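These notes concern the structure reproduced below.
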Amino acid sequence: MKARHFAILAVTGLVLGGCAGSVSAPTAVQPLAVDSSAPLRISDISADAAPDVQVGDDELGLITQKVKAYVQAEAPTVMADHGYLMKIHVTRFDRGNAFARAMLIGLGQIHIEATVDLNDAGGKMVAEYKVSKDFALGGIAGASTTVSDVEDGFAKSVAEIVKGKG
């Protein structure tokens, strides 16, 4: 009977942990005015962070790789040699605390927030979006969810900007 309870808890934790990788819709600050005769093209994706944000170059590189992978999966024709430059500017990166998440829902939350700009070849911003992803579940799901899981959800959320525009 104990094994059955443990199995139920483990499956519940895995299902709830999937929330970390779910998509949060980007908020358009200045939406891209796409010419219907010319599909959206992005030549490069980069990431940096605000000076007061504690995130390393390795993590920024990983976020960039994940966003590129999800963009290519969502809109395979968007990545091209010539196009807009996507710049992800991380404004909040809080790794949270797994122990606190395990103890109570809402404690030790993981947060990733950024502005995502599309710039033309001359550096002029043509669109801006705000993207945020957080995770606040408690218990087993909270203890077992990592920043990497939330980065996946964040990257999927950034890729939503280009979905259907390729």
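None of the figures in this text is laboratory data; all of them are computed from the coordinates on show. In this text, all values refer to a predicted model and were calculated from it rather than measured experimentally. With ideal geometry, Cβ positions are generated from the backbone for all residues, glycine too; neighbour counts draw on all protein chains shown.
Applying the criteria of a DSSP loop state and at most 10 other Cβ atoms within 10 Å to the trypsin sites (Lys or Arg not before Pro) of segment 64-148 yields Lys124.
Segment Lys130..Lys165, full-extension length gain: 10.8 nm, with 0.36 nm per residue of separation and the alpha-carbon distance subtracted. Approximating the spin labels as points 7 Å out from Cα along Cα→Cβ, the Ser148-to-Asn97 distance works out to 2.4 nm. Extending 7 Å from Cα along the Cβ direction at Leu32 and again at Asp120 yields two label points whose distance is 1.4 nm. Over all pairs of different C-alpha atoms in segment 30-109, the reciprocal of the mean inverse distance, the Kirkwood hydrodynamic radius, equals 15.1 Å.
The lysines within cross-link reach of Lys87, meaning a Cα-to-Cα straight distance under 23 Å and a gap of 8 or more places when in the same chain, are Lys66, Lys68, Lys124, Lys130, Lys133, Lys156, Lys163, Lys165.
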